[in-house]
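Visitor: Have a look at this one before I ask anything.
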Amino acid sequence: MSTQLAPGTVAPDFTLPDQDGTPVTLSALRGKKVILYFYPQAMTPGCTTEACDFRDSLEPFAAEGFTVLGVSKDELAKLVEFRERDHLTFPLLSDTDLTVHQAYGVWGEKSNYGKTYTGTIRSTFVIDEEGVLSLALYNVKATGHVQMLRRKLGLATV
């Protein structure tokens, strides 16, 4: 289990491949605001809803200077299929060895229908231009999460 992060903490740096195999390094995005969200598995109903909500909100996020990055433990081929199937227009990063999941405290114990297991805790982090967490949201719901995030960031909601 990993320790959860709190606002005011420097976001752990990482380099992960996007769906095309291109490395994305968090520290290379300094000077930009980043929304980093972790989801359990590409192409599942909840993760699809959340990804499509982010896709549909990219314009207002971009207008405020935010870059959106999605992270899962999925292999690159599955991320390519997810992007193409759902017309996702932001990078999907692959963390197959769970190093970044653990650094952000999103790999841990979960329960579903009374069963306890270890997996990805659906979470979102907002990182400011200096690389510091301004929001650390753990155990978020797939449905309605993006709207709630837009409200917290003071962006118009639809």
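Visitor: Provide the per-residue ³J(HN,Hα) series for the stretch 55-68, in order, calculated from phi with Karplus coefficients 6.51, -1.76, 1.60 and θ = phi - 60°, each as a whole number of Hz, with x at glycine and proline positions.
Guide: Each residue of the stretch 55-68 in turn: 4, 6, 10, 4, 4, x, 5, 5, 4, 9, x, 8, 9, 9 Hz.
Visitor: In terms of Cα to Cα distance under 21 Å, which lysines are near enough to residue 32, apart from those fewer than 8 places away along the same chain?
Guide: 152
Visitor: What Kirkwood radius, in Å to one decimal, follows from the Cα pairs of the chain?
Guide: The answer is 15.6 Å.
Visitor: How much mean residue ellipticity at 222 nm does the chain get from its helices, if each DSSP H run of length 4 or more adds -39500 (n - 2.57) and you divide by all residues, to the nearest 500 deg cm²/dmol?
Guide: One gets -7500 deg cm²/dmol as the mean residue ellipticity at 222 nm.
Visitor: Post the alpha-carbon centroid distance, the stretch 3-39 to the stretch 95-158, in whole angstrom.
Guide: 12 Å
Visitor: Can you tell me the relative contact order of the chain? Whole percent, Cα pairs under 8 Å, sequence separation 6 or more.
Guide: Rounded, it is 32 percent for the chain.
Visitor: So, one more: Count charges around residue 138 for me, please; just the other residues with Cβ under 15 Å from its Cβ, Lys/Arg as +1, Asp/Glu as -1.
Guide: Net of charged neighbours comes to +2.
Coordinate-derived values only; no laboratory data. Given the structure is predicted, the values throughout are model-derived calculations rather than measurements. Every residue, glycine as well, gets a Cβ built from its backbone with ideal geometry; the counts of neighbours run over all protein chains shown.
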